[in-house]
Amino acid sequence: MARALADEEDALAVGDWVLAAPDAHGELWVHARLDPQTHLVRRDADGRRHPVVSNVDTALLVMGLDTDFNPRRMERFLALVQGSGVAPVIVLTKADTVADARTLFCRMQELRERLPAGAEIVAIDARDAEAAASLAHHTLPGRTIALLGTSGAGKSTLTNTLLGRTLQDTGAVRESDGRGQHTTTARSLFSLPGVPA
């Protein structure tokens, strides 16, 4: 199955639904992937496709309000999601680092001018429990969300806040450029507390 997917320039992604059957030793082996309802794929500079995630309802596009803030990059993340059937939500993390309300308003206004009308934008401190409350309408039972963003944007911190416990490692950003240091290097699927799996 993996070879057949590779021949189609495809591969399994987190969130894929698969069919498995036991072998002669009773171990389960994946033998088929069900067609995804939604599927996010990014392309390399040479045009090769790389699956990101499948079967999600909402993509939280995470961008820090510190040195990570880059409206052009957010446009690229929106382009990745556009046409996939996945609803994008722009989540601006590190709201606690913004000096004052006017600066926050100006940054949000800058995004609103560049992004499609009606795009949902939420500014949060990803460490604060209120962040989970701000996103609760996207984490309802039966719904799946994905967090996308650059290293150091706050995805792992937000994941831990949504889970109500620390499962994802987090680390400091580099002082020289404010970028993350790729603390989390794998994609994972979690069940949120109080939400049936």
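The values are calculated or read from the model by the stated rules, or taken from the named source; none is laboratory data. Computed from a prediction, not measured in an experiment: that's the story for all the values here. Backbone-built Cβ (ideal geometry, glycine too); neighbour counts: all protein chains shown.
Scanning region 70-79 for residues that are hydrophobic (A, V, I, L, M, F, W, C) and either free of Cβ contacts under 8 Å to residues at least 12 places away in the same chain or surrounded by 19 or more Cβ atoms within 10 Å (Cβ to Cβ) (or both), which turns out farthest from Arg43 (Cα to Cα)? Among those that are hydrophobic (A, V, I, L, M, F, W, C) and either free of Cβ contacts under 8 Å to residues at least 12 places away in the same chain or surrounded by 19 or more Cβ atoms within 10 Å (Cβ to Cβ) (or both), it is Met74.
Across region 30-66, what is the total count of residues that are buried (at least 19 other Cβ atoms within 10 Å of the Cβ), among the hydrophobic types (A, V, I, L, M, F, W, C) and over 30 Å from Cys106 (Cα atoms)? Going through region 30-66 one residue at a time, the tally reaches 4.
All of Gly180, Gly194, Gly152, Gly171 fail the test of being modelled with pLDDT under 70 and surrounded by 15 or more Cβ atoms within 10 Å (Cβ to Cβ), apart from Gly180. Whether any residue in region 65-74 is under 15 Å from Thr157 (Cβ atoms) and among the basic types (Lys, Arg) is what I want to check. Within region 65-74, none of the residues are under 15 Å from Thr157 (Cβ atoms) and among the basic types (Lys, Arg).
Filtered by the rule that a residue be closer than 28 Å to Gly142 by Cβ, of a type outside the set (Gly, Ala, Ser) and not in a loop (DSSP other than H, G, I, E, B), region 48-73 gives His50, Pro51, Val52, Val53, Thr58, Leu60, Leu61, Val62, Met63. Residue-level check: of (1) modelled with pLDDT of 90 or more; (2) surrounded by 11 or more Cβ atoms within 10 Å (Cβ to Cβ), Pro141 misses just (2).
For region 1-47, the candidate set comprises residues that are among the acidic types (Asp, Glu) and touching a residue at least 12 places away in the same chain (Cβ under 8 Å); within that set, the residue that is farthest from Arg143 (Cα to Cα) is Glu9. Restricting attention to region 13-37, the residues that are farther than 17 Å from Arg3 by Cβ and outside any strand (DSSP E or B) add up to 11.
When each of Leu111, Leu147 is tested for being outside any loop (DSSP other than H, G, I, E, B) and closer than 26 Å to Gln37 by Cβ, the lone residue that passes is Leu147. Against the list (1) within 22 Å of Ala146 (Cα to Cα); (2) loosely packed, with under 15 Cβ neighbours inside 10 Å; (3) modelled with pLDDT under 90, the condition Asp10 fails is (2).
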